[in-house]
Amino acid sequence: MSLQGKTIAVIGTGAMGSATCRGLLKAGAVEPTQIVATDVHHEKVEALVKALGIRSAGSNVEAARQADIVMLCVKPHLIHDVVEQIAEVITPEKLVISIAAGVPIARIEDLLPPGTPVIRAMPNTCAIVGAGAAAYSRGRYATEEHAAAAHEIFTSFGEAVEVEEHLLNAVTAISGSGPAYAYLMIEALSDGGVRAGLPRDIATFLAAQTLLGAAKMVLETGMHPAQLKDMVTTPAGTTIAALVVMERAGVRSALIEAVAAAIERANELS
């Protein structure tokens, strides 16, 4: 299923819904008129209509009726009600993509007409700046063609990989929640710089740029993070002194446990 000539309904225009609209248009994957959006907060939709030239619909049902691909960009606790609303206009010819954390594909399939292809995805808010990380899984009726359409959507504002559905809660814990962990690290590094006398804006810039550069090193060199860490860690130098403090404070284990806690919460939501 190519996106060419397809209408995409974006139900929910919060951070991820609006990022989806912007990403698709910035990548040139679709024309503005191919996107129709709805949200309970009508002012959000109208702001996107004005800024991007997309279309709006009077209701979720009307948006889904017009669409070839329906993207459910609403909070997990709203998914059941929204899917029940639109089920009457969904057919097996349409593709439904949900980004609701912790909501299994089977639960959505059960609310839709038999044979409806469903894909569940977990993108992250870095999509807003075109640097998102997403993973997606196919339901029992979704084909390679449907997966290709999902891949095209999510790679329009970052990178995307296909995984088995039982791994999506781990994806949620790493990349879905992960930006928050990175922001915490950037804030802490900035605080350390301010403590040493750096102006806040310079300390924050250096911390953020350093994390960005380190991430690019991992992605572009293909080297193990431990190898890259060793490249920075000279004998009896400043880096090893800092790393000893971090190990003593349990930074590594704290991050591992943070991921485990996020997975546990995602399992509870399921």
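From (1) on the phi < 0 side of the Ramachandran plot; (2) open to solvent by less than 20 Å² (accessible area, probe 1.4 Å), pick out the condition that doesn't hold for G102.
Of the numbered conditions (1) on the phi < 0 side of the Ramachandran plot; (2) open to solvent by less than 20 Å² (accessible area, probe 1.4 Å), the odd one out for G102 is (1).
What are the residues in the range 28-43 that are open to solvent by 70 Å² or more (accessible area, probe 1.4 Å) and farther than 22 Å from H80 by Cβ, if any?
The initial filter retains those residues of the range 28-43 that are open to solvent by 70 Å² or more (accessible area, probe 1.4 Å), namely 31, 33, 40-43.
Hits for the range 28-43 are E31, T33, H42, E43.
Show me the helices (runs of 4 or more DSSP H) found entirely inside the range 155-270 where at least 2 residues are in contact (Cβ under 8 Å) with a residue 60 or more places away in the chain. Steps first, please.
Working: elements: 168-171, 178-195, 200-221, 225-232, 238-249, 251-269.
Filter on the range 155-270 gives 168-171, 251-269.
Out of A64, A29, A51, I need the residue that is free of Cβ contacts under 8 Å to residues at least 24 places away in the same chain, of a type in the set (A, V, I, L, M, F, W, C) and on the phi < 0 side of the Ramachandran plot. Which one?
Details: A64 fails: free of Cβ contacts under 8 Å to residues at least 24 places away in the same chain; A29 fails: free of Cβ contacts under 8 Å to residues at least 24 places away in the same chain.
The match here is A51.
The values are calculated or read from the model by the stated rules, or taken from the named source; none is laboratory data. Since the model is a prediction, treat every value here as computed from it, not as a measurement. With ideal geometry, Cβ positions are generated from the backbone for all residues, glycine too; neighbour counts draw on all protein chains shown. For accessibility, only protein heavy atoms count, side chains too; no ligands or nucleic acids. Shrake-Rupley method; radii C 1.70, N 1.55, O 1.52, S 1.80 Å.
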